[in-house]
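A short worksheet on the structure shown next.
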(Lines give C-alpha, C1' and ligand atoms only; values in the text may rest on other atoms or scores of the structure.)
Protein backbone atom coordinates (compact mmCIF):
# COMPACT_ATOMS: atom_id res chain seq x y z
CA UNK A 1 0.00 0.00 0.00
CA UNK A 2 2.76 2.42 0.95
CA UNK A 3 4.76 1.38 -2.10
CA UNK A 4 1.86 2.26 -4.39
CA UNK A 5 1.70 5.74 -2.89
CA UNK A 6 5.46 6.31 -3.30
CA UNK A 7 5.45 5.14 -6.92
CA UNK A 8 2.88 7.76 -7.94
CA UNK A 9 3.11 11.53 -7.93
CA UNK A 10 3.56 13.33 -4.63
CA UNK A 11 0.23 14.77 -3.59
CA UNK A 12 1.44 17.75 -1.54
CA UNK A 13 1.60 20.15 -4.55
CA UNK A 14 -1.95 19.22 -5.50
CA UNK A 15 -3.24 19.79 -1.99
CA UNK A 16 -1.48 23.15 -1.74
CA UNK A 17 -2.66 24.42 -5.12
CA UNK A 18 -6.27 23.57 -4.35
CA UNK A 19 -5.82 25.35 -1.01
CA UNK A 20 -4.69 28.48 -2.88
CA UNK A 21 -7.55 28.38 -5.37
CA UNK A 22 -10.23 27.93 -2.72
CA UNK A 23 -8.61 30.62 -0.55
CA UNK A 24 -9.07 33.04 -3.42
CA UNK A 25 -12.72 32.04 -3.70
CA UNK A 26 -13.20 32.43 0.06
CA UNK A 27 -11.75 35.94 -0.13
CA UNK A 28 -14.23 36.91 -2.84
CA UNK A 29 -17.20 35.50 -0.93
CA UNK A 30 -16.41 37.29 2.32
CA UNK A 31 -16.19 40.63 0.48
CA UNK A 32 -19.66 40.43 -1.06
CA UNK A 33 -21.25 42.63 1.59
CA UNK A 34 -18.34 45.09 1.26
CA UNK A 35 -18.85 45.30 -2.51
CA UNK A 36 -22.54 45.90 -2.02
CA UNK A 37 -21.95 48.68 0.50
CA UNK A 38 -18.94 50.35 -1.18
CA UNK A 39 -19.94 50.05 -4.84
CA UNK A 40 -23.72 49.99 -4.50
CA UNK A 41 -24.39 46.60 -6.07
CA UNK A 42 -27.90 45.20 -5.63
CA UNK A 43 -28.64 41.76 -4.20
CA UNK A 44 -29.36 40.56 -7.72
CA UNK A 45 -26.12 42.11 -8.98
CA UNK A 46 -24.18 40.21 -6.34
CA UNK A 47 -26.00 37.02 -7.35
CA UNK A 48 -25.17 37.70 -11.01
CA UNK A 49 -21.46 38.04 -10.24
CA UNK A 50 -21.51 34.79 -8.28
CA UNK A 51 -23.42 32.87 -10.93
CA UNK A 52 -21.06 34.08 -13.68
CA UNK A 53 -18.24 32.36 -11.82
CA UNK A 54 -20.26 29.17 -11.57
CA UNK A 55 -21.09 29.35 -15.30
CA UNK A 56 -17.47 29.71 -16.41
CA UNK A 57 -16.40 26.92 -14.06
CA UNK A 58 -19.09 24.77 -15.66
CA UNK A 59 -17.64 25.33 -19.14
CA UNK A 60 -14.06 24.82 -17.98
CA UNK A 61 -14.92 21.58 -16.16
CA UNK A 62 -16.40 20.07 -19.31
CA UNK A 63 -13.76 21.29 -21.76
CA UNK A 64 -10.58 21.03 -19.70
CA UNK A 65 -11.19 17.98 -17.48
CA UNK A 66 -10.66 15.32 -20.20
CA UNK A 67 -7.18 16.77 -20.78
CA UNK A 68 -6.15 15.56 -17.33
CA UNK A 69 -6.98 11.99 -18.43
CA UNK A 70 -4.39 12.52 -21.19
CA UNK A 71 -1.48 13.47 -18.94
CA UNK A 72 -1.97 17.26 -18.92
CA UNK A 73 -2.62 17.77 -15.20
CA UNK A 74 0.57 19.77 -14.42
CA UNK A 75 -0.11 22.16 -17.32
CA UNK A 76 -3.69 22.60 -16.15
CA UNK A 77 -2.53 23.51 -12.65
CA UNK A 78 -0.20 26.21 -13.97
CA UNK A 79 -2.98 27.58 -16.18
CA UNK A 80 -5.39 27.67 -13.24
CA UNK A 81 -2.99 29.67 -11.08
CA UNK A 82 -2.17 32.20 -13.81
CA UNK A 83 -5.81 32.77 -14.79
CA UNK A 84 -6.84 32.91 -11.13
CA UNK A 85 -4.19 35.52 -10.37
CA UNK A 86 -5.22 37.65 -13.36
CA UNK A 87 -8.87 37.48 -12.28
CA UNK A 88 -7.93 38.89 -8.88
CA UNK A 89 -6.18 41.77 -10.63
CA UNK A 90 -9.41 42.51 -12.51
CA UNK A 91 -11.35 42.48 -9.24
CA UNK A 92 -8.77 44.74 -7.60
CA UNK A 93 -9.05 47.50 -10.22
CA UNK A 94 -12.74 47.15 -11.12
CA UNK A 95 -15.44 49.55 -9.96
CA UNK A 96 -18.47 48.48 -12.02
CA UNK A 97 -20.61 45.37 -11.93
CA UNK A 98 -19.37 44.07 -15.28
CA UNK A 99 -15.79 44.19 -13.99
CA UNK A 100 -16.78 41.82 -11.20
CA UNK A 101 -18.72 39.59 -13.58
CA UNK A 102 -15.60 39.29 -15.77
CA UNK A 103 -13.28 38.79 -12.81
CA UNK A 104 -15.49 36.19 -11.19
CA UNK A 105 -15.86 34.43 -14.57
CA UNK A 106 -12.09 34.20 -14.96
CA UNK A 107 -11.78 32.79 -11.47
CA UNK A 108 -14.49 30.24 -12.20
CA UNK A 109 -12.51 29.12 -15.24
CA UNK A 110 -9.43 28.72 -13.03
CA UNK A 111 -11.34 26.55 -10.56
CA UNK A 112 -12.91 24.48 -13.33
CA UNK A 113 -9.48 23.86 -14.86
CA UNK A 114 -7.52 23.08 -11.71
CA UNK A 115 -10.13 21.10 -9.81
CA UNK A 116 -10.45 18.03 -12.10
CA UNK A 117 -6.68 17.82 -12.53
CA UNK A 118 -6.22 17.72 -8.77
CA UNK A 119 -9.00 15.20 -8.18
CA UNK A 120 -7.81 12.75 -10.85
CA UNK A 121 -4.29 12.65 -9.50
CA UNK A 122 -5.40 12.23 -5.89
CA UNK A 123 -7.83 9.45 -6.88
CA UNK A 124 -5.47 7.35 -9.01
CA UNK A 125 -2.32 7.86 -6.89
CA UNK A 126 -3.36 5.39 -4.17
CA UNK A 127 -6.78 3.71 -4.76
CA UNK A 128 -6.55 1.64 -1.57
CA UNK A 129 -6.55 4.86 0.45
CA UNK A 130 -9.02 6.71 -1.76
CA UNK A 131 -11.18 7.87 1.14
CA UNK A 132 -8.25 9.11 3.21
CA UNK A 133 -6.68 11.00 0.31
CA UNK A 134 -9.93 12.60 -0.80
CA UNK A 135 -10.59 13.49 2.82
CA UNK A 136 -7.22 15.24 3.03
CA UNK A 137 -7.94 16.99 -0.24
CA UNK A 138 -11.25 18.13 1.18
CA UNK A 139 -9.45 19.41 4.27
CA UNK A 140 -7.13 21.58 2.17
CA UNK A 141 -10.05 22.63 0.00
CA UNK A 142 -12.10 23.86 2.94
CA UNK A 143 -9.08 25.18 4.87
CA UNK A 144 -8.41 27.63 2.04
CA UNK A 145 -12.00 28.80 2.17
CA UNK A 146 -11.79 29.02 5.97
CA UNK A 147 -8.47 30.85 6.37
CA UNK A 148 -9.10 33.44 3.66
CA UNK A 149 -11.95 35.31 5.41
CA UNK A 150 -9.81 36.13 8.46
CA UNK A 151 -6.85 37.32 6.38
CA UNK A 152 -9.00 39.23 3.90
CA UNK A 153 -10.98 40.84 6.70
CA UNK A 154 -7.76 42.03 8.38
CA UNK A 155 -6.33 43.41 5.12
CA UNK A 156 -9.63 45.11 4.27
CA UNK A 157 -9.79 46.70 7.70
CA UNK A 158 -6.36 48.31 7.39
CA UNK A 159 -5.94 48.83 3.64
CA UNK A 160 -9.34 48.47 1.94
CA UNK A 161 -10.96 45.69 -0.04
CA UNK A 162 -8.88 46.34 -3.17
CA UNK A 163 -5.70 45.52 -1.26
CA UNK A 164 -7.26 42.15 -0.39
CA UNK A 165 -7.66 41.29 -4.05
CA UNK A 166 -4.06 42.33 -4.76
CA UNK A 167 -2.87 40.10 -1.91
CA UNK A 168 -4.87 37.14 -3.27
CA UNK A 169 -3.37 37.67 -6.74
CA UNK A 170 0.15 37.73 -5.30
CA UNK A 171 -0.45 34.52 -3.35
CA UNK A 172 -1.67 32.65 -6.43
CA UNK A 173 1.32 33.79 -8.48
CA UNK A 174 3.66 32.73 -5.67
CA UNK A 175 2.24 29.19 -5.92
CA UNK A 176 3.41 28.81 -9.53
CA UNK A 177 6.75 27.17 -8.55
CA UNK A 178 4.72 24.54 -6.66
CA UNK A 179 2.80 23.78 -9.86
CA UNK A 180 6.06 23.06 -11.65
CA UNK A 181 6.78 20.34 -9.06
CA UNK A 182 3.54 18.52 -9.92
CA UNK A 183 4.09 15.29 -11.85
CA UNK A 184 1.95 13.44 -14.35
CA UNK A 185 0.30 10.38 -12.78
CA UNK A 186 1.21 6.90 -14.00
CA UNK A 187 -2.34 5.49 -14.14
CA UNK A 188 -3.93 4.38 -17.45
CA UNK A 189 -4.80 7.34 -19.70
CA UNK A 190 -7.63 8.06 -22.11
CA UNK A 191 -5.72 7.02 -25.23
CA UNK A 192 -8.97 6.60 -27.16
CA UNK A 193 -9.85 10.25 -26.41
CA UNK A 194 -13.33 9.31 -25.23
CA UNK A 195 -13.68 12.41 -23.08
CA UNK A 196 -17.24 12.74 -21.81
CA UNK A 197 -18.69 10.26 -24.31
CA UNK A 198 -21.12 7.80 -22.75
CA UNK A 199 -20.67 8.94 -19.16
CA UNK A 200 -24.29 9.99 -18.76
CA UNK A 201 -25.39 6.45 -19.60
CA UNK A 202 -23.83 5.18 -16.36
CA UNK A 203 -26.70 5.14 -13.87
CA UNK A 204 -24.56 5.19 -10.73
CA UNK A 205 -22.57 8.14 -12.03
CA UNK A 206 -25.80 10.01 -12.80
CA UNK A 207 -26.92 9.30 -9.23
CA UNK A 208 -23.69 10.79 -7.88
CA UNK A 209 -24.26 13.84 -10.08
CA UNK A 210 -27.76 14.31 -8.66
CA UNK A 211 -26.44 14.10 -5.10
CA UNK A 212 -23.80 16.69 -6.01
CA UNK A 213 -26.54 18.95 -7.37
CA UNK A 214 -28.40 18.66 -4.07
CA UNK A 215 -25.32 19.74 -2.15
CA UNK A 216 -24.55 22.66 -4.44
CA UNK A 217 -28.08 23.97 -4.25
CA UNK A 218 -27.10 24.66 -0.66
CA UNK A 219 -23.70 26.12 -1.65
CA UNK A 220 -25.29 28.50 -4.15
CA UNK A 221 -27.86 29.62 -1.61
CA UNK A 222 -25.17 30.05 1.02
CA UNK A 223 -22.97 32.23 -1.20
CA UNK A 224 -25.83 34.48 -2.31
CA UNK A 225 -27.77 34.79 0.97
CA UNK A 226 -25.68 34.02 4.05
CA UNK A 227 -23.25 36.98 3.91
CA UNK A 228 -26.01 39.42 2.97
CA UNK A 229 -28.25 38.15 5.76
CA UNK A 230 -25.42 38.51 8.27
CA UNK A 231 -25.00 42.09 7.08
CA UNK A 232 -28.76 42.68 7.31
CA UNK A 233 -28.77 41.35 10.89
CA UNK A 234 -26.16 43.94 11.87
CA UNK A 235 -22.84 42.07 11.59
CA UNK A 236 -19.91 44.26 10.51
CA UNK A 237 -17.18 43.06 8.12
CA UNK A 238 -14.92 41.87 10.95
CA UNK A 239 -17.72 39.86 12.55
CA UNK A 240 -18.61 38.31 9.19
CA UNK A 241 -15.01 37.25 8.56
CA UNK A 242 -14.60 35.71 12.00
CA UNK A 243 -18.00 34.04 11.86
CA UNK A 244 -17.35 32.51 8.45
CA UNK A 245 -14.04 31.08 9.63
CA UNK A 246 -15.53 29.67 12.84
CA UNK A 247 -18.48 28.21 10.96
CA UNK A 248 -16.20 26.44 8.48
CA UNK A 249 -13.68 25.18 11.08
CA UNK A 250 -15.16 21.67 11.57
CA UNK A 251 -14.93 20.82 7.86
CA UNK A 252 -11.13 20.53 7.41
CA UNK A 253 -10.82 18.81 10.78
CA UNK A 254 -13.44 16.16 10.05
CA UNK A 255 -13.05 15.61 6.29
CA UNK A 256 -10.10 13.16 6.51
CA UNK A 257 -11.96 11.16 9.16
CA UNK A 258 -15.10 11.20 7.05
CA UNK A 259 -13.20 9.88 4.04
CA UNK A 260 -11.75 6.95 5.96
CA UNK A 261 -15.11 6.05 7.49
CA UNK A 262 -16.88 6.37 4.14
CA UNK A 263 -14.50 3.89 2.52
CA UNK A 264 -14.82 1.52 5.47
CA UNK A 265 -18.62 1.53 5.78
CA UNK A 266 -19.75 2.65 2.32
CA UNK A 267 -19.69 6.08 0.71
CA UNK A 268 -23.25 5.80 -0.57
CA UNK A 269 -24.77 5.34 2.86
CA UNK A 270 -22.43 7.96 4.26
CA UNK A 271 -23.35 10.48 1.55
CA UNK A 272 -27.09 9.94 1.84
CA UNK A 273 -27.01 10.05 5.64
CA UNK A 274 -25.02 13.27 5.91
CA UNK A 275 -27.05 14.95 3.17
CA UNK A 276 -30.30 14.01 4.91
CA UNK A 277 -29.08 15.65 8.11
CA UNK A 278 -28.10 18.78 6.17
CA UNK A 279 -31.56 19.03 4.59
CA UNK A 280 -33.18 19.03 8.02
CA UNK A 281 -30.85 21.72 9.37
CA UNK A 282 -31.18 24.01 6.32
CA UNK A 283 -34.80 24.77 7.22
CA UNK A 284 -33.59 26.33 10.49
CA UNK A 285 -31.38 28.91 8.73
CA UNK A 286 -34.37 31.17 8.12
CA UNK A 287 -35.93 30.53 11.53
CA UNK A 288 -33.18 31.21 14.08
CA UNK A 289 -32.86 34.82 15.32
CA UNK A 290 -29.82 37.08 15.44
CA UNK A 291 -26.26 36.77 14.18
CA UNK A 292 -24.73 34.16 16.49
CA UNK A 293 -27.62 31.71 16.36
CA UNK A 294 -27.19 31.73 12.58
CA UNK A 295 -23.46 31.11 13.04
CA UNK A 296 -24.23 28.23 15.43
CA UNK A 297 -26.55 26.52 12.95
CA UNK A 298 -23.98 27.02 10.20
CA UNK A 299 -21.28 25.44 12.36
CA UNK A 300 -23.42 22.34 12.92
CA UNK A 301 -23.95 22.11 9.17
CA UNK A 302 -20.21 22.46 8.64
CA UNK A 303 -19.50 19.51 10.92
CA UNK A 304 -21.90 17.31 8.96
CA UNK A 305 -20.42 18.55 5.68
CA UNK A 306 -16.96 17.64 6.90
CA UNK A 307 -17.92 14.01 7.47
CA UNK A 308 -19.67 13.80 4.09
CA UNK A 309 -17.38 16.00 1.96
CA UNK A 310 -15.31 13.21 0.30
CA UNK A 311 -18.24 10.88 -0.39
CA UNK A 312 -19.68 12.24 -3.64
CA UNK A 313 -16.31 12.35 -5.47
CA UNK A 314 -15.82 8.77 -4.24
CA UNK A 315 -19.16 7.73 -5.75
CA UNK A 316 -18.28 9.33 -9.08
CA UNK A 317 -14.82 7.73 -9.01
CA UNK A 318 -16.19 4.25 -8.37
CA UNK A 319 -18.50 4.48 -11.38
CA UNK A 320 -15.76 4.77 -14.04
CA UNK A 321 -12.37 3.16 -14.87
CA UNK A 322 -9.07 4.91 -14.08
CA UNK A 323 -8.59 6.29 -17.57
CA UNK A 324 -11.82 8.29 -17.27
CA UNK A 325 -11.45 9.65 -13.76
CA UNK A 326 -10.85 13.29 -14.70
CA UNK A 327 -13.71 13.32 -17.21
CA UNK A 328 -16.07 11.98 -14.55
CA UNK A 329 -14.80 14.44 -11.96
CA UNK A 330 -15.05 17.26 -14.51
CA UNK A 331 -18.65 16.30 -15.23
CA UNK A 332 -19.24 16.21 -11.48
CA UNK A 333 -17.70 19.68 -11.15
CA UNK A 334 -19.84 20.97 -14.02
CA UNK A 335 -23.01 19.72 -12.36
CA UNK A 336 -21.90 21.25 -9.06
CA UNK A 337 -21.32 24.70 -10.51
CA UNK A 338 -24.45 24.56 -12.68
CA UNK A 339 -26.54 23.76 -9.62
CA UNK A 340 -24.73 26.47 -7.68
CA UNK A 341 -25.29 29.05 -10.43
CA UNK A 342 -28.99 28.33 -10.76
CA UNK A 343 -29.38 28.23 -7.01
CA UNK A 344 -27.49 31.47 -6.37
CA UNK A 345 -29.57 33.42 -8.89
CA UNK A 346 -32.89 31.87 -7.89
CA UNK A 347 -32.37 32.08 -4.14
CA UNK A 348 -30.93 35.62 -4.41
CA UNK A 349 -34.08 36.63 -6.29
CA UNK A 350 -36.36 35.01 -3.70
CA UNK A 351 -34.36 36.62 -0.90
CA UNK A 352 -34.58 40.03 -2.59
CA UNK A 353 -38.37 39.97 -2.93
CA UNK A 354 -39.22 38.09 0.26
CA UNK A 355 -37.15 36.95 3.23
CA UNK A 356 -34.44 34.54 4.25
CA UNK A 357 -37.09 32.22 5.69
CA UNK A 358 -38.67 31.60 2.30
CA UNK A 359 -35.25 31.45 0.60
CA UNK A 360 -33.99 28.71 2.90
CA UNK A 361 -37.31 26.82 2.79
CA UNK A 362 -37.11 26.62 -1.00
CA UNK A 363 -33.47 25.53 -0.68
CA UNK A 364 -34.34 22.71 1.74
CA UNK A 365 -37.24 21.40 -0.36
CA UNK A 366 -35.13 21.38 -3.53
CA UNK A 367 -32.32 19.53 -1.76
CA UNK A 368 -34.78 16.94 -0.42
CA UNK A 369 -36.17 16.18 -3.88
CA UNK A 370 -32.71 15.80 -5.43
CA UNK A 371 -31.51 13.68 -2.51
CA UNK A 372 -34.40 11.26 -3.03
CA UNK A 373 -33.62 10.89 -6.74
CA UNK A 374 -29.89 10.46 -6.14
CA UNK A 375 -30.51 7.82 -3.47
CA UNK A 376 -32.55 5.73 -5.90
CA UNK A 377 -30.08 6.04 -8.77
CA UNK A 378 -27.03 5.06 -6.70
CA UNK A 379 -28.71 1.94 -5.28
CA UNK A 380 -26.64 -1.18 -6.19
CA UNK A 381 -28.42 -3.33 -8.78
CA UNK A 382 -28.36 -6.43 -6.56
CA UNK A 383 -29.51 -4.45 -3.49
CA UNK A 384 -26.93 -6.32 -1.41
CA UNK A 385 -24.91 -4.56 1.29
CA UNK A 386 -21.37 -5.22 2.37
CA UNK A 387 -21.17 -5.83 6.11
CA UNK A 388 -18.79 -3.51 7.99
CA UNK A 389 -15.36 -5.06 8.39
CA UNK A 390 -15.76 -7.60 5.59
CA UNK A 391 -13.25 -7.04 2.75
CA UNK A 392 -14.79 -6.13 -0.57
CA UNK A 393 -13.72 -5.13 -4.05
CA UNK A 394 -12.68 -1.47 -3.97
CA UNK A 395 -15.05 -0.15 -6.59
CA UNK A 396 -18.02 -1.88 -4.95
CA UNK A 397 -17.62 -0.58 -1.41
CA UNK A 398 -18.20 3.15 -2.11
CA UNK A 399 -21.70 2.42 -3.39
CA UNK A 400 -22.80 0.58 -0.28
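Within the range 18-51, the set of residues being without any contact (Cβ under 8 Å) to a residue 60 or more places away in the chain and not in a helix (DSSP H, G or I) comprises 40, 41.
Comparison of 80, 65, 55, 60 shows that the only residue that is surrounded by fewer than 24 Cβ atoms within 10 Å (Cβ to Cβ) and either modelled with pLDDT of 80 or more or in a helix (DSSP H, G or I) (or both) is 55. Among the candidates 169, 163, the residue that is surrounded by fewer than 18 Cβ atoms within 10 Å (Cβ to Cβ), modelled with pLDDT of 90 or more and touching a helix residue (DSSP H, G or I) at 6+ places or on another chain (Cβ under 7 Å) is uniquely 163.
Pairs linking a residue in the range 87-114 that is crowded, with 24+ Cβ neighbours inside 10 Å to a residue that is in a loop (DSSP other than H, G, I, E, B), with Cβ atoms under 7 Å and 6 or more positions apart or on different chains, are 100/94; 103/94. Restricting 151, 123 to residues that are touching a helix residue (DSSP H, G or I) at 6+ places or on another chain (Cβ under 8 Å), under 18 Å from residue 328 (Cβ atoms), part of a helix (DSSP H, G or I) and in contact (Cβ under 8 Å) with a residue 60 or more places away in the chain narrows the list to 123.
So if I check each of 213, 208, which one is buried (at least 21 other Cβ atoms within 10 Å of the Cβ), within 22 Å of residue 345 (Cβ to Cβ) and in contact (Cβ under 8 Å) with a residue 24 or more places away in the chain? Being buried (at least 21 other Cβ atoms within 10 Å of the Cβ), within 22 Å of residue 345 (Cβ to Cβ) and in contact (Cβ under 8 Å) with a residue 24 or more places away in the chain holds for just one of 213, 208, which is 213. Would you check if there is a residue in the range 323-343 being closer than 29 Å to residue 229 by Cα, over 19 Å from the mean Cα position of the chain (by Cα) and buried (at least 23 other Cβ atoms within 10 Å of the Cβ)? So far as the range 323-343 goes, no, none of its residues is closer than 29 Å to residue 229 by Cα, over 19 Å from the mean Cα position of the chain (by Cα) and buried (at least 23 other Cβ atoms within 10 Å of the Cβ).
Of everything listed in (1) closer than 30 Å to residue 294 by Cβ; (2) over 21 Å from the mean Cα position of the chain (by Cα); (3) buried (at least 19 other Cβ atoms within 10 Å of the Cβ), the single unmet condition for residue 185 is (1).
Of all residues in the range 171-201, those satisfying the criterion of being free of Cβ contacts under 8 Å to residues at least 12 places away in the same chain and closer than 18 Å to residue 77 by Cα are 174, 177.
The values are calculated or read from the model by the stated rules, or taken from the named source; none is laboratory data. These numbers come from a predicted model, not from an experiment. Cβ atoms come from the backbone with ideal geometry, glycine included; neighbour counts cover every protein chain shown.
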